[in-house]
1. Looking at this structure, is Pro199 part of a helix (DSSP H, G or I) and surrounded by fewer than 23 Cβ atoms within 10 Å (Cβ to Cβ)?
2. May I ask you to list the residues in segment 66-101 that are within 22 Å of Asn161 (Cβ to Cβ) and of a type in the set (A, V, I, L, M)?
3. Suppose we keep only residues that are part of a loop (DSSP other than H, G, I, E, B) and modelled with pLDDT of 60 or more within segment 211-267. Which one would you say is nearest to Arg80 (Cα to Cα)?
4. Name, by its number, the condition in (1) buried (at least 16 other Cβ atoms within 10 Å of the Cβ); (2) modelled with pLDDT of 95 or more; (3) in contact with a Leu (Cβ under 7 Å, 6 or more places away or on another chain) that does not hold for Lys2.
5. Please enumerate the residues belonging to segment 202-234 that are among the hydrophobic types (A, V, I, L, M, F, W, C) and either free of Cβ contacts under 8 Å to residues at least 12 places away in the same chain or surrounded by fewer than 23 Cβ atoms within 10 Å (Cβ to Cβ) (or both).
6. Let me confirm something: among Phe191, Phe150, which residue is within 22 Å of the chain's Cα centre (by Cα) and among the hydrophobic types (A, V, I, L, M, F, W, C)?
7. Name every residue in segment 5-52 that is surrounded by 14 or more Cβ atoms within 10 Å (Cβ to Cβ), assigned to a loop (DSSP other than H, G, I, E, B) and modelled with pLDDT under 50, in order of residue number.
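The values are calculated or read from the model by the stated rules, or taken from the named source; none is laboratory data. In this text the structure is predicted, and so the values were computed from the model without any measurement. Cβ sites come from the backbone with ideal geometry, for glycine too, and all protein chains shown count toward neighbours.
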Amino acid sequence: MKHFSALLISVTLLLAPKPNATAQQAPASPYRTSFAVDAPITLGMGALGGLGLYLVQQKSGLNDTELAALDKNDVPKFDRFVAGNYSDRAQTVGDLLCYPSLVIAPGLLALNKDVRGHYGQILGLYLQTMATSSAAFTMTVGTVYRYRPFLYGTEGGGDRNSKISTNSFFAGHTAHTATATFFAAKVFHDFHPDSPAEPFVWGAAALVPAAVAYSRMEAGKHFLSDNIVGYAVGATVGIVVPQLHKTAGRRGFSMVPVQGVNVNGYSYGGLLLTKLL
């Protein structure tokens, strides 16, 4: 499923409209960015993500008595079918779907000539987008106690007493994957709003995090509601952050930062990459 989705994105990017052969420069970017504005925002979101990680480290797990008292009938009916699940294989599948997608999704954009002409700017936007998603995730996990589904079964070994067993809400793997894939689809759309390949791009963007969500439920790491929230947060951030940087005069609704630079934008970095707990 991972390779099929990646192939769909690769093919559709390669089939995207190309600049006129007589053009001497890459088409104008649909985004406006400012190092003076966006770099502090990215670093601030990274710092917020770091604070969330600190809060996670302050949490404590359950003792054996508390574990024995857990009852899957206390889980809302909507989520109860996941309670007790546990699978190392599903955990591995989820990791193999999630972590590579964080690099592959923005990397595939470089295959498109129009996007490649502004790739420094796109990477800057991606860093800010992922920093925002990470901050939302770690701050939530660091302040919300929800027991993972596998605790309602008998498997899990030493992880049953670990503080990470309280990190079920919301699903970080799903959220980060959705952020990456929907960001890539949004950027493709903004550069090529009339491309016939759009249904395939958006379809692949939706499919990959959905597969991650399924694997996380099979692994007993997250309930269905955790994944729904994670999916919604990731997809929203992946779309909204680029949208907030759209320049005036483009098709559709746009919002422009208070400060801006020339249409080619700037390349910048700075993001605290957090471990998906």
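1. Yes, satisfied.
2. Leu67, Ala68, Ala69, Leu70, Val75, Val82, Ala83, Ala90
3. Ranking the candidates gives Phe223 first.
4. (2)
5. Trp202, Ala206, Leu207, Ala210, Ala211, Leu224, Ile228, Val229, Ala232
6. When all the criteria are applied, what remains is Phe191.
7. Within segment 5-52, Leu15, Ala16, Pro17 meet the criteria.
Residues are listed down the side, and each one gets a yes or a no for (1) among the charged types (D, E, K, R); (2) more than 30 Å from Pro76 (Cα to Cα); (3) under 16 Å from the mean Cα position of the chain (by Cα):
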{"site": "Lys113", "(1), (2), (3)": "yes, yes, no"}
{"site": "Met139", "(1), (2), (3)": "no, no, yes"}
{"site": "Arg146", "(1), (2), (3)": "yes, no, no"}
{"site": "Thr166", "(1), (2), (3)": "no, no, no"}
{"site": "His176", "(1), (2), (3)": "no, no, yes"}
{"site": "Thr179", "(1), (2), (3)": "no, no, yes"}
